[in-house]
Amino acid sequence: MTTAELLLQDFDIEMASTRRTLERIPEDKAAYKPHEKSMPLGQLALHVATLPGFAKTILTTPSLDLASAPRPDMTFHGREATLATFDALAAEARTALVASSDADLSASWRFSFGDHLISDAPRSLAFRHMFFNHLIHHRAQLGVYLRLNNIPVPGVYGPSADEPFKP
């Protein structure tokens with residue numbers, strides 16, 4: 001089994017769980033923040049929805065300098081627009097992953113902010129660390145936002161309080 005085939009197993013599971021979470025984003029709570037330092041719910045949902053674009057960047061470019069990279073528009077335009085963005089970017093990222101050879105995934109990928117080096121590691125590690133872990137972290141934040149607004153939280157790696165296992 002190739003590295004891409006292994007990563008695809010996780011990719012498909014994580015994208016399905018992410019989509020289920022994004023489907024629950026309440027449009028009337030886009031400005032909700034649990035703390036003054038927190039990102040508003042709508043912006044956080046859009047950040048999660050656009051992270052597959054970052055995965056594609058990791059897989060298809062030699063490096064990324066955040067200081068000069070264009071940023072996606074983070075204006076929340078509703079749940080359906082957020083889901084459409086997520087679906088399109090997840091499909092592009094999946095296509096890029098399918099096309100990645102073991103040599104591609106073992107090649108170094110440099111991530112920086114100007115002169116500040118964030119990471120210079122094999123693409124497979126950058127993909128797991130900078131994309132998967134980043135996505136999972138922010139998806140979990142969305143779960144907290146949902147809980148604090150009494151919106152059912154989907155089960156992601158097993159049951160949730162709102163989606164228990166049925167005997």
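Where a number appears in this text, it was derived from the coordinates with a stated rule and is not lab data. No experiment lies behind these values; they were computed from the predicted model shown. FYI the Cβ positions are ideal-geometry reconstructions off the backbone, even for glycines, and counts take in every protein chain you see.
Go ahead and run the numbers for FRET between E5 and K33, Cβ-Cβ distance against an R0 of 35 Å, rounding to 0.05.
Calculated transfer efficiency: 0.30.
On a full-extension model of 0.36 nm per residue, what is the gain between A121 and S160, subtracting their alpha-carbon distance, rounded to one decimal in nm?
Taking 0.36 nm per residue and subtracting the Cα distance, the gain is 10.5 nm.
Roughly how many whole Å is it from the C-alpha centroid of region 1-24 to that of region 54-87?
17 Å
Please tell me the relative contact order of the chain in percent, rounded to the nearest whole number, where contacts are Cα pairs under 8 Å and at least six residues apart.
28 percent
Round to the nearest 10 and give me the degree value, 0 to 90, for the angle of helix 79-98's Cα axis relative to the longest principal axis of the chain.
With both axes taken from Cα atoms, the answer is about 30 degrees.
I'd like the orientation of helix 41-60 relative to the chain: the angle between its Cα long axis and the longest Cα principal axis, in ° from 0 to 90, rounded to 10.
Value to nearest ten degrees: 20.
Return the percentage of antiparallel bridges among DSSP beta bridges fully within region 37-132, rounded to the nearest 5 %.
Just about 65 percent of them are antiparallel.
Using the Kirkwood radius over C-alpha pairs as Rh, can you work out the diffusion coefficient of region 1-79 via Stokes-Einstein at 25 °C, viscosity 0.890 mPa s, in µm² per second?
168 µm²/s
Can you sort T3, T75 so the residue with the fewest Cβ neighbours within 10 Å comes first?
Taking fewest neighbouring Cβ atoms as first place, the list is T75, T3.
Rg/Rh for region 32-167 to two decimals, with Rh computed the Kirkwood way over all alpha-carbon pairs.
Answer for region 32-167: 1.01.
Near the amide H of W109, under 5 Å away, which other amide H atoms are found, from residues 5 or more places off or on another chain, if H is placed in the peptide plane?
A121, R123
Calculate how steeply helix 134-148 sits against the longest principal axis of the alpha-carbon atoms of the chain, using the helix alpha-carbon long axis, and give the answer as 0 to 90 degrees to the nearest 10.
Between helix and principal axis, roughly 10 degrees.
Fewest first, what order do E92, E80 take by the number of other Cβ atoms within 10 Å?
Ascending Cβ contact count within 10 Å gives the list E80, E92.
What spacing in nm lies between the two simple spin-label points modelled at V98 and L66, each 7 Å away from Cα in the Cβ direction?
Here the answer is 3.1 nm between the modelled labels.
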